[in-house]
1. With +1 on each Lys and Arg Cβ and -1 on each Asp and Glu Cβ, and nothing else charged, work out how big the dipole of region 133-268 is about its Cα centre, in Debye to the nearest 20.
2. Quick one: Debye curve from the alpha-carbon atoms of the chain only, equal weights, vacuum; give me log10 I(q)/I(0) at q = 0.08 Å⁻¹ to two decimals.
3. List the lysines whose Cα lies under 29 Å from the Cα of Lys287, skipping any in the same chain that are fewer than 8 positions away.
4. Going by Cα centres, region 165-184 and region 85-164 are how many Å apart?
5. Name the residue farthest towards the positive end of the dipole of region 1-113 from the options Ser97, Asn111, Leu32, assuming +1 on Cβ of Lys and Arg, -1 on Cβ of Asp and Glu, about the Cα centre.
6. For the chain, what is the charge dipole size about the Cα centre, in debye to the nearest 20, if Lys and Arg each add +1 at the Cβ and Asp and Glu each add -1 at the Cβ?
7. Tell me, what ³J(HN,Hα) does each residue in region 302-309 have, in order and in whole Hz, if you take phi through Karplus 6.51 cos²θ - 1.76 cosθ + 1.60 with θ = phi - 60° and put x for Gly and Pro?
8. Round to the nearest 10 and give me the degree value, 0 to 90, for the angle of helix 198-207's Cα axis relative to the longest principal axis of the chain.
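Where a number appears in this text, it was derived from the coordinates with a stated rule and is not lab data. Model, not experiment: these values are computed from the prediction. Cβ placement follows ideal geometry from the backbone for every residue including glycine, while neighbour counts extend to all protein chains displayed.
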Amino acid sequence: MEFKKRILVTGGAGFIGSHMVRLLVNTYSDYLVINFDKLTYAGNLENLKDIENKSNYVFFQGDVSSEKDVNEVFKTHQISDVIHLAAESHVDRSIESPMEFVQTNVLGTVNLLQHAKNFWEDKGKHVFHHVSTDEVYGSLGNTGLFTEKTPYDPRSPYSSSKASSDHFVMAFYHTYGLSIKMSNCSNNYGSHHFPEKLIPLMIHNICNNKDLPVYGKGDNIRDWLWVEDHARAINEIFHHGRVGQSYNVGGLNEWTNLDLVEYLCDLMDKKLNRNIGASRKLIRFVKDRAGHDQRYAIDASKLKEELNWSPSVTFEEGLEKTVDWYLNNEEWINQVTSGDYQKYYSKHYNNR
């Protein structure tokens, strides 16, 4: 079968990537979607069991920082476009092992850019969409929102590595004419999220009556974006966004970490038929993370005005959908929490 596009989705077995792959495979039967993933602790092909036998889906195991792997996938599948999601993304891990983040997030991105530049003769016919984070902007005070014009001010090794990759992406647009599109998103939540991040960690621990670790006083503020809405946004930007532009994607949901955890406790108590408020007793305040950004908040008006995108659910609706998924998929949770996660979390916590 001749395919209209052959889209390489890096990190396609991960949290956001698997939702992106599923959307593309189910929406565009005339696209071949190549899921390129190293299958580290956060990558899991179980995330895509429902589409693994589709005729327009292919999995290719590889490392974005490997010239051999990237060259092979470009040649084997004649890649026409890239949606780049592969990244080390856990802030606590970046504090402990920054070089891993430089390797994957910086060198891996440049490796992909270099291959796209060399492989695509008519660069105007192809799109390289780079997915990044609002953390590159640093920390907000009590007021204001991140816009696409906010100066970069990363505070952690993770956000610094993503900021560097963003700059390289735009450099390949300006220097080589690569058709770049970029998006910077706020905190994602939803199904298939590896349980080291705040919401799935809390759901897992509440179910098992374990401590709920909250950094500092719990007053750090995050803007929460439902992962399926994020996948829709990427799809719109990829197809209709302007070349050489960045778009901020936010959920318009600002919550302090403590308010979120308390709300989640009460929701879980209701779902588990416990006395409302019982799970709040599991909350434990722990030493704050080094360089912990105080507040993130996204202005997504450019995305709304240009591409008519807006969140499809409120945070409360999305959170209930998320909780229901985790409660109905215990086997998935047990599988991903059986190895590396347990070892790592014996000494680390995270409230991104």
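1. Values: 10 positive and 16 negative charges, 87 e Å.
Rounded to the nearest 20 debye, it is 420 debye.
2. -0.36
3. Lys162, Lys197, Lys210, Lys217, Lys343, Lys347
4. 11 Å
5. Positive-most Cα among the choices belongs to Leu32.
6. On the way: 38 positive and 46 negative charges, 51 e Å.
Value, rounded to 20: 240 debye.
7. 4, 5, 5, 5, 7, 10, 6, 9
8. Tilt relative to the chain: about 40 degrees.
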